[in-house]
Structure formats: C-alpha cells, structure tokens
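Student: Pasting in a structure now, in structure tokens, and then I'll have a few things to ask.
The values are calculated or read from the model by the stated rules, or taken from the named source; none is laboratory data. None of the values given here were measured: they were computed from a predicted structure. Ideal geometry is used to build each Cβ from the backbone, glycine not excepted, and the neighbour counts take in all protein chains shown. Just so you know, the surface numbers come from the protein's heavy atoms only, side chains and all, with ligands and any DNA or RNA stripped out. Shrake-Rupley method; radii C 1.70, N 1.55, O 1.52, S 1.80 Å.
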Number of protein chains: 4
Amino acid sequence: MSTIPAPVFYPPFNITRASHVVLTVRDLEASKAFYTRVIGLVVTEQDRDTLWLRGVEEIAHHSLVLRRSTATPVCEQVGLRVLTEEELDRAAHHFAKLGLRHAWAEVPFQGRTLRAADPMGTPLEFCARMDAVPRRLFETVDHIGGAALRFDHKQIHMADVAAACDFYTALGFRTSDYIVVGPQDDLAGVFMHRKDIPWDLVFLAGPGPRLHHFAYVTPSMIDMFRACDAAGLYKYGPSVERGPGRHGLGHVQYVYFRDPDGHRVELVLEAPHHMTDLEQQPVRWDAARRADAMDWGYPAPRCWFDEATLFEGVKPTPWTPPPGRVALEDYLASRAAE
Amino acid sequence: MSTIPAPVFYPPFNITRASHVVLTVRDLEASKAFYTRVIGLVVTEQDRDTLWLRGVEEIAHHSLVLRRSTATPVCEQVGLRVLTEEELDRAAHHFAKLGLRHAWAEVPFQGRTLRAADPMGTPLEFCARMDAVPRRLFETVDHIGGAALRFDHKQIHMADVAAACDFYTALGFRTSDYIVVGPQDDLAGVFMHRKDIPWDLVFLAGPGPRLHHFAYVTPSMIDMFRACDAAGLYKYGPSVERGPGRHGLGHVQYVYFRDPDGHRVELVLEAPHHMTDLEQQPVRWDAARRADAMDWGYPAPRCWFDEATLFEGVKPTPWTPPPGRVALEDYLASRAAE
Amino acid sequence: MSTIPAPVFYPPFNITRASHVVLTVRDLEASKAFYTRVIGLVVTEQDRDTLWLRGVEEIAHHSLVLRRSTATPVCEQVGLRVLTEEELDRAAHHFAKLGLRHAWAEVPFQGRTLRAADPMGTPLEFCARMDAVPRRLFETVDHIGGAALRFDHKQIHMADVAAACDFYTALGFRTSDYIVVGPQDDLAGVFMHRKDIPWDLVFLAGPGPRLHHFAYVTPSMIDMFRACDAAGLYKYGPSVERGPGRHGLGHVQYVYFRDPDGHRVELVLEAPHHMTDLEQQPVRWDAARRADAMDWGYPAPRCWFDEATLFEGVKPTPWTPPPGRVALEDYLASRAAE
Amino acid sequence: MSTIPAPVFYPPFNITRASHVVLTVRDLEASKAFYTRVIGLVVTEQDRDTLWLRGVEEIAHHSLVLRRSTATPVCEQVGLRVLTEEELDRAAHHFAKLGLRHAWAEVPFQGRTLRAADPMGTPLEFCARMDAVPRRLFETVDHIGGAALRFDHKQIHMADVAAACDFYTALGFRTSDYIVVGPQDDLAGVFMHRKDIPWDLVFLAGPGPRLHHFAYVTPSMIDMFRACDAAGLYKYGPSVERGPGRHGLGHVQYVYFRDPDGHRVELVLEAPHHMTDLEQQPVRWDAARRADAMDWGYPAPRCWFDEATLFEGVKPTPWTPPPGRVALEDYLASRAAE
C-alpha cells in the first residue's frame, strides 16, 4: 500500500515555487495569437525566434517562453524559483551530491540559472531572480480572453509516480492529495506544492517523463467562458479539449486547451489553499471509489489521458494504464451497452 | 428551401407565455428531493399523489406538477398562459374552428382551464390565472442548488417541424432563430416565443411529438455549478447529461439534467432577448456550417438527441436523423480515425 | 390612501416597450468615450452633430441618441415602441381625443414617428420600426466596460406620481411595485412595465417632469465592476455616483453613473421578471418601513435624490421632499449624533 | 522620506502566516448567529463560554475564537503560525533577546503555544500546530452567507507605522505595498506578508495598537452579495459598514461588517498574489495622489477610520490624523460646497 513520505521541513535548498516553462513551437505568430487572445497572456518581449509571455498579475519577466523550431514541439525547461542566490549554490551542491546532471547557464532576463535533471530525466531550470516588469493587473480594461493572472502549476506524466514523489518530497515539496489505484493501492497521482497555493508540481502515472500540461489561474468562471468564446471566435474551437468543469478532486474549476502545437494549457480558478500547517495531512483518493463520491460531469477523453509533450531529448519510460481506467469513450460505450 | 412564415401580430387569441408542465413520476419523494435540492425549486403544495413546485421568483402557484404513477413516465400537459379569461373563450372558438380536440377542465389552483391538442397531438393546457403565492426571491439565504428563478421554455421533438412552425406562428408565436439542414434546407429546428424573453416553445426535428426538455432560468454560472455540485453530493451525479456549456446557437449558457424518471430539465442563463420589434427577423443557422462558425465544446451525446418523454396517449411519428448528424460518440470516433 | 388603478388589458394602442432616449450634450467626443468605454455601448452611426448608440444585444439602430448643443444639456425625447404601424395611427387618435400635443415627425433611422406629450409635458416619441443592424452579442471578445446589453427603463421625476400612474395605466402599463410615504400613504413611486421584463417607465416623486435616469442591462456583477474600473482608469472615477449595490426594492443590483454632462445612467442586472399573469398584483412598499425590512447599504446621496435632467422646454412643477427623507448625508449626521 | 527596510530572507524564526484571532463578546449566541449566517463560518466547538469557528476550507481547528465577557469587548490574541515546533523555541529565544514579554501557555486545541508582545504591546500568540478537523469545502450545498473560505489577514492601527514595519521586517515579513502621506512622506500604511497570498499583517496609522479588522477570503462577488443579503434578512443590515467595493489600492474587492460587539470583519476576494520572488519590490502609494490615479467609489466613512478594537490591557498611543484625510462625510461636505 502506497504511503506518502513524511514532509521535509528543512530541505537542502529552498525552492519557492514553479515559475515558468520553455516550449518549442512551429509558428511563433500563431502561438502568440493563441496565448494572448484566448489565454489572455501579455507579451513582455519578442525577438525573431523567441517570445516571452506573462500573466497580467506577474512582475516577473516571463512565465511562458516559446522558441521557434521546425522539429517536433517539445518542452525544454521546467522552471522553478529558489528564495535567494545562495540557494542556487546549495541546489548545485545537492545535485552534485546525488550525481545528477547540472550546469550553470546564461539565460536572458533571468538571474544566475542552474540547469539540472531529476532522476527521471525531467529538465529543471532554477533561478532566484528575473527582470521585473510592470504588473498589468490594474488595467482591467485591457484584460482579454481568460485574463490569465499568473502561472500556477505543471502536471507531469511519470512512469513511477512513487519515485517522483520521493525525490520531490526530499526537496521540500509537500503533498496535498494523492490518488491510489488497483488492489495494491499503487500511487497513480500526487499533487505537490512549495507555495501556499497549490500546486507547483503534479505527477500523474503515464509514459514519462512528459509534460501533461501547465496551468494559469483565471479570475472567475466568466473569464473562463470568455476564454472559450475567444477560442471559438478566433477559430480555435477544437482546442477546447475538456471542460469547463469541476474536478471531483478538490473541486477546482477548470478548462483545458490544446495550443496550436498540441501543448496542453489549463485555466483554473483558485484551488483550495493547502496551508503549510504542521497538522496538514495528504488527502487520499481511491481512483475506483472517486466516481462514487461526489463526481458529476463526463470523464476526460482518451486524448487527455494519453497525449503529452515530450521533454527535449528525453525518451519516456513506457507505462500501461491500469485495467479500470475509464475515458469518455469507454464511458459512453459502456452506457450504450447497458 | 425553408422559409419562416410572416409573424401574425393580431392572432385569434392572446397567449402570453409557456407557463408549466405536468409530468408523471414513479416516486414522488425522489422527484421532490431532486427538484428542490438540485434544481432549487420550492414546494408550493403536496398531497398524497401530486406535488406542485415553482421557481423562487414565481408568484404563480406552480410551474411544475408531478403526479405519482406506476406506468411509464409521461408528460400530461404542456401549459400555456393567455392574457385574460375572455381569451380562453376565443381559444376554444379557434380550436373548434380548426376541428381540433378541446375541452374545459377543472384544475386545482388554476382558473378556468381549456385542454386542447395541436394537429400533431401535443396536449396543451391553457389558463389565464393561477392562485398567487409569495414570491421567494428576496430570501436569498434559502436559495439552494440551481436557485431556479422561473419557468422558461419547453423543447418538443416534432417529426414535421415546418408544420409545427406554421401552426404556432398562426397563434402569434414569433421565431427568433431557426436551423436548416441538408441540400433542401429542411427545417430542423425553430425557436419561438410569445414573451419578450425567449423562449416559449422550441421545436426540434425528431420522432414526435415528444417532450425533449423544459427549462428554468438560473441566476448565474455560480448557481449553475452549485446545481451540479448538489447533483454530485446527493448522488445524482450521472444526471448531469450535458454541460455546463454554451450553446453555439445564441450563446446561452446551459446545463441539462435527467430527473429520476428520465425527464430532461435544463438550467439556462438569460437568453439574449429577442424584442418584439417589427424589424426583428428570424436568424437562420445552417446545421452543417454551425460548427465552423464560432463553436467550442463537444457535441451532445446520442442520448440527448434521441431520448425524450412521451406525451400521454400520443404515439410519436417516426423520424430518421439526417446523414450528417454528429453526436459526441460520432465526433470522438471520427477524431480517433484521423 | 393610494391605490393603484386596475390594469387595462385592452389599451387604446399597443405600446411594447421603452426603447430609446434622445439627449443633448456639449462635447460629442467626450460623451462617445464615456458611453463606449465605461457603459460598453456600440456606435451605430455618427455625423457631425449626432451620435447613435446601442447595446451589444440590440438589432434596433439606436437606443441612445446624443446631439451636440451648446445650451444646457436636456432630454429631447422619451422613446417608446408600438407593435405595428397601425398602432401609431391609433396612438395619434388617442392623443387627439385627449387634446394632448402630438405631431408626425421624420426621424432618421426610424419608421414613421409620432411625437406627443403626456399631460405633465413629458416629450414622448413613438415608432414601430427602426433600421435593423447586426446584433453584436456573440463577439464577446469585443465587449468592454459594462458590456451593456440593451436599453431597459427610464425613471422620471413627477410632482404628481398618482396622475402619471393613472395616465400610463390607461395606456396599458402595469405596475409591479409602488412606494407610499407619509400618514396619507401618498404615492411616492411607481414601477411600470409593458414588456415582461421590468421595467419600462418608473415615476418617482420629485420636481418634474425631469429625467432622473435611464438604464441598461449588464450581464453580471463582474461586468458591473469592469464598468467602474473603466470609469476609474479613464478618469471618470467621480462619475460613479451610487453603488454598486442592491436595491432593497426588488433586490436588483445596480450602479449609477453621471455622464460628462451630468445625465444619469444606470447599469442593472436583470430585475425579477413580473410576468403579465392575471393574478400578478402590485407590491406595496412603505417608505418608512422599507429600511426595517431587509435593507443593507447606505442610502443614496442627496445629489441622487435632487439632480435630474430637464426635458427640453418643459418647466418642472415644484415639489418638496417629505419630512422623513433620509439621504446619505442625513444618515451620517444622525449616526454621528447618536 | 520613508523607506521600507530590505527584506530579511533568513529570519530568526520561521513564521508561516497569520492564523487566528481571539476576541471577547458580550452575547455568544448573537455572535454565533452573525458569524455563521452572514460571514459563513463553521462552528468547530462550543462550550459555555467559548466558541471556536473556522472557514469552510480550513482544517485547522479554529481561526476565530470568541470568549464571553461582560467587560468592554477586546481582542485578546493575534494568532500566528510557525513552521515547526522547534521554531517556537527560536521564537522564545528571540523575544528573550529583545527583552520582550513572552510566556508559554496551555491553549485548548492548539499545540505548544508561546504568548508574547511586540514592542508596541500587541499581544501575539504563536503555535506550530492545531487539532485537525474536516475540511468542509466540498459540501458546497452547506455553504451559506459569505461562505468564508479561510482566514486571511489582520489590520492593526499603529501610532508609529515605521516602527511596526521595522520590527516585523526583522521577523521575515515582506512589504508588498506601502502608503506615504504629507510633505515628509510619512509612512501611513504597510501591507506585510509571510505567506504567498497577501496579506498577513497590515499596519495603518492610527491610535494604537488597536485591531482595526480581520479578514476572511470569500469565493466570489456573488458570495459577497449573499453575505450582505443575509445581513439584511437577519437584521444586521446596519452592520454593513463599507462596500461592497474595490480598493483603489490593489484592486481587491471587499465588504466590511461590524459584528454585534463592534469588531470589524472584512470579506475579501483573493488579493493579487505578491510572490516571494527576489525581484519583488514594495509598491509605493502616495495618499494624496491615490485619488487621482484610478479610484472610483466613495471614501470610507469616519467610523471606519476612527473606530477599532482595543487589545486587552493595552492603552493605545494617541495619534492625530494628518490634515488631508478625507472621510465620506468630508467628501460629501466639500462636494456640497462646490
């Protein structure tokens, strides 16, 4: 039976939050149109081959970096913030001690940056500082589409969720919720956070590591529907892959889009805050019993379960879905058979 | 090519709105729990075999009447209001002139009531008055679930939509929108209203007459999600058949539920108001081109298209869906085949 | 004691709704900026001296007409719609019979137009048709500020509210609510409607006739706050005269603005619908007891009570507020004195 | 000219957030009715003289403790959380080193608790753990009134805001915003936080230390209006002291209530999140120029500025408002004088 390791309150270095993601795309203008008009991001900077975007609440220079590439679109970096510059040195020391890949990098608009990989191969990028740019929150008259406020979290497919949970718990991440499946209560998902507002990193069982999606916070259900309307009006209608709906798991309202290259981006309302209190325990969800609990709404379609973005140069470890998995297609077929 | 007949501004009698529906159910307590907790209706009156319900804004005694029956659940009456008592006599005269079934009835909590049938057999019930009961709108602290405000419209499957449109246009109904399909532009749907706030009667092509659904107005998206949550928490999760979403056609936000007997009830936000201005023209929607226009969101599942409530004692005229119809199951299959 | 006259179900001619207002302004560009950016209206047409605006849901050519003038800003016309062209002739006949001023007028973008005055001198303009223009409802990406949907109602100061109520009841208007004040239960306000969705004309006791305000429907509280934010960002902050709040009377959420010329415009959410059912009775509100009932929020400031727009060439009948009137200034003073 | 001291990233002990407040009240049942029905808190525990309440999202045993007392209502404790038990010992060491009052206390439903006072005399209560109780977030059908999610922040009047800012900065609090006033740019307010989601402690210039208010997060504007409606319906209408409105400062939507004993409680929507990034700088607001910037809405009434809750046994240091302060009463008077 799966158990979540005890939280580590004094980790080897102080990660503060998930902060950004770097993706490659085939057509920079198409991606720019999608992310500004539908998701509501603001362009901070653009050069011939790269676009730096941020949410309207963010003063950090970028939370989404898009780089032009003719190759298969991939995720190049999973960005994380640390508290201070000296935490970066501690991070380098920690990765060195574990014998994991790590190297300093010069990255535009960021302070000193450490690139590393977790044991599964996920490319991580740590920095303590970005250039500060104006917060655009107050100009509500300029907010369009989903009016995305700020970067929230990244969900990553992992073939071995328990291993991911162990590694990131040791880095100070706390688990707010986890999903178990099958007769052995195998770990099928863990929702982890460093900041007070979940989440930062979510690991879901799947062929991985692959980036399943990244998420921005949207202010209200009305903004969520505005994003969908914008998708429809600007001919991205089929990009609305799932939702708007409400996760059984934690009652978070969501909608998932696929961007022009197939990268998946979620708009979420504020999740319930899992305060960092000592008494806070991870909440256990039994995949088989979840549907009985309080769910409504159809299950996700197969593409949502199966498709994800490759990390550059990382070959995913194969993984087979457990027998009981019910995608939308399965649900409709079983209902028709009744 | 289908055309909508010209509006009749001075009809033979003055219908003011769609007002109520009478259904049979197998378990009165189960239905009561569903309609009060999930939809948010208020119980006006209950006796051993009948339950009278209304929305929180309504002062009319009932807009939903549920009668206990062990037979197959059916719809007994499609209720319509006329302006005054004398309009009832004009209505009787009109139905007599057309040689259509009609008879006076004593109905509890209603004024003088005329029962009649349209040429397709739909059972209609006209009255000019109901008992007045307190409006419960101001006690917002008592509003639960979808906080349904008031009865809005009824959607009815008809094998011959054009015939229905002709009959109801002659009664003064105006068409705000209509859907055409196929090479001959056959009429697949008409959205008709007497009140300023659409709609009152919607006719959709299908084996009919059958009651496809009836709808209540809900105050906001938040109330709509509260209704869904209540469905989940009270074990009606699978009753959420479609949505929440936004109709491409008119951008109305909706969610459809199936009640414990399979009757379909919709919660809608306010539709765009189709004022009764002289210059107002019916809006034409081409079924085949609708998806290209500005849609997002998955199509409805097959059950939404095919299942409907029988009218008591009325055998539906068969009808075959046109070749191009795309239900959710078809959409997912075609996407998988790409 | 005031009583509301019985409704007239078959009036001399068929008014369908309050439809538009014509105002003079000193600076057309300043007014255009205010009404498009803050209220969210759409410009239909503009020439050197006149601006025609409408809500995003309206297909009628205009609901607000602004004419440039260097004189004191006034209201020139209170626009009303009738059902058909022949109702206009009946209207002319009715005003002739009553010996009231009336004359045919050529008005751009409107069908045949009858101008008339009620016995108090209010300038009325009737038409059955306007030019039809595209509904802009679906392009939600273009909606800004309050995203005003459609014209709703006009509130008019009258020195003799009972006389106004009598006159308009005879024209088929029904009263949904009325306010009484003082030991004699004098009529201090009546809320009247022809359309199903209140209201069309509201008469409030005051030196009159004067136009107190006109109102547009806004989709949600979020749009209402967006309008206020736009006011702040575009330097119209002090134009937010009252609200956002919720009327004790009917629980309608509102905010009042003063436009650059001092004309007052309200954004309201949908009011409870007062269906045209026979059993519907006017709701009586006692001004003195209203505060005890269920109110929260501060009273309106004195300017809201006292200031209003003159009708062109109409000298208001003086009127003195009853002793018990409590404006915000009075309320704060009495609280300080406790 | 005021400057905000540099942040302290490695403070002497690790405070995680503002967590609770302990107040005395005269009538426990009256307070219980107010906080459960209007604010929407949940009762965790009650004995003859004490009531422990929490927000629907909180698993910590209490965030509001009300103790019956016949004396003048006061605030007994300003509760703060530290990360672990060992941080409590570091806290005790720190207060000892500074020569400030501190003592261990046995507090029901809390872990080991340290009581202390800041240099101004504010009574602080630190703990690392409370009893865990069920999160009530998912039972949305039971949420009423403002559906308060969780404790957010406390605002405290201080005669010397700069001194408070210095003391709490040394404890690791970061300043997101500050207000300056007068020719010397005196510090009139500082908004400080330890958690990612502002705020934890706000200090405003005034006779102090006194508790100006404490705040809970509410899910949406609709819940905020539901709280106000509940206030009206349950006869707490005059308790709505200010709002609903939007702070010019940070665009946070708010409403302030006075509880039956005059303690002030705020419902707020999520504030913009001031991430703990290294580049984050305090935002300076000039009190005199704020009104010109982007404000709308009336200023707060005098009672909001002047009235606050005493801390038990702490005599406030006098303080005189600067000449330019504009309360609602002043604003209305100056407008009348124009």
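Student: How many partner chain Cβ atoms sit within 10 Å of a residue's Cβ in peptide D:218-229, on average, as a whole number?
Tutor: 6
Student: Moving on. Only Cα pairs within less than 10 Å get springs; with that Gaussian network setup on chain D, which residue of D:Asp152, D:Asp89, D:Asp223 has the largest fluctuation?
Tutor: D:Asp89
Student: Would you mind working out the magnitude of the charge dipole of chain C relative to its Cα centre, with +1 at each Lys and Arg C-beta and -1 at each Asp and Glu C-beta, to the nearest 20 Debye?
Tutor: The dipole of chain C has a size of about 340 debye.
Student: Regarding the range B:45-93, what is the average projected area of its C-alpha convex hull, in nm²?
Tutor: Spelled out: convex hull of the Cα atoms, projected over all directions, averaged, 5.1 nm².
Student: Restricting to Cα pairs below 8 Å that are 6+ residues apart, what does the relative contact order work out to for chain D? Please round to a whole percent.
Tutor: Contact order relative to length: 19 percent.
Student: Return a whole-number percent for the relative contact order of the range B:1-139, with Cα pairs under 8 Å and 6 or more residues apart as the contact set.
Tutor: 26
Student: OK, next. Return an integer: the convex hull volume of the alpha-carbon atoms of chain B, in Å³ per residue.
Tutor: 142
Student: Lys and Arg at +1, Asp and Glu at -1: add these up for the other residues within a Cβ distance under 11 Å of B:Phe257 and post the number.
Tutor: Local charge sum for B:Phe257: 0.
Student: To continue, here is another question. Restricted to Cα positions, what overall size does the protein assembly as shown have along the principal axes? Three whole-Å values, descending.
Tutor: Result for the protein assembly as shown: principal-axis Cα extents of 94, 75, 66 Å.
Student: While we're looking at this one, here's another question. Rounded, prolate or oblate: which one fits the range D:1-141, using the alpha carbon gyration tensor with axes a ≥ b ≥ c (rounded when a/c is under 1.5, else prolate when a/b beats b/c, else oblate)?
Tutor: The shape class here is prolate.
Student: To one decimal in nm, how far is C:Val43 from the same spot in the other copies, if labels go 7 Å from Cα toward Cβ? Please give the shortest first.
Tutor: Here the equivalent label points are 2.6, 5.9, 6.1 nm apart from this one.
Student: Now for a separate question. For n ≥ 4 DSSP H runs only, could you compute -39500 (n - 2.57) per run for the protein assembly as shown, divide by its residues and tell me the 222 nm figure to the nearest 500?
Tutor: For the protein assembly as shown, the value works out to -5500 deg cm²/dmol.
Student: Follow-up. Nm distances between the label at A:Lys97 and the same-position labels in the remaining copies, 7 Å along Cα→Cβ, shortest first?
Tutor: Relative to the other copies, A:Lys97 has label-point distances of 2.5, 9.4, 9.8 nm.
Student: Exceeding 29 Å between C-alpha atoms, which entries from my cross-link table qualify? They are A:Lys195/D:Lys97; A:Lys154/D:Lys195; C:Lys235/D:Lys195; A:Lys235/C:Lys235; B:Lys235/B:Lys315.
Tutor: A:Lys195/D:Lys97; C:Lys235/D:Lys195; A:Lys235/C:Lys235; B:Lys235/B:Lys315
Student: Just to check, using Stokes-Einstein with a Kirkwood Rh over alpha carbon pairs, what's the diffusion coefficient of the range A:122-197 at 25 °C and 0.890 mPa s in µm²/s?
Tutor: My calculation gives 156 µm²/s for D.
Student: For chain C, report the accessible area per residue in Å² (1.4 Å probe, heavy atoms, rounded to an integer).
Tutor: It amounts to 35 Å² per residue over chain C.
Student: Can I ask one more? For a test of the definition: using alpha carbon positions, the gyration tensor, and the 1.5 limit on a/c, classify the range D:63-175 as rounded, prolate or oblate.
Tutor: prolate
Student: Beyond 20 Å, what percent of the Cα pairs of the range B:200-268 remain?
Tutor: 30
Student: Sort the following peptides by mean Cβ neighbour count (other Cβ atoms within 10 Å, averaged over residues), highest first: D:58-67, B:106-115, A:319-328.
Tutor: Averaged packing, sorted descending, gives the order D:58-67, B:106-115, A:319-328.
Student: Could you work out how much longer the chain between C:Arg112 and C:Ala288 gets when fully extended? Use 0.36 nm per residue separation minus the Cα distance between them, nm to one decimal.
Tutor: That pair, C:Arg112 and C:Ala288, stretches by 58.8 nm at full extension.
Student: If we hang a label 7 Å off Cα along the beta carbon direction at A:Ala30, how far is it from the matching labels on the other copies, in nm, shortest first?
Tutor: 5.0, 5.1, 6.8
Student: Hey, another quick one. Taking the rotation that carries C onto A, look along its axis and tell me which residue of C has the beta carbon nearest to it, distance in whole angstrom.
Tutor: C:Ile222, 3
Student: Pick from D:Tyr35, D:Tyr254, D:Tyr298 the residue whose mean-square fluctuation is largest in a GNM of chain D, springs joining Cα atoms under 10 Å.
Tutor: Among D:Tyr35, D:Tyr254, D:Tyr298, the largest GNM mean-square fluctuation belongs to D:Tyr298.
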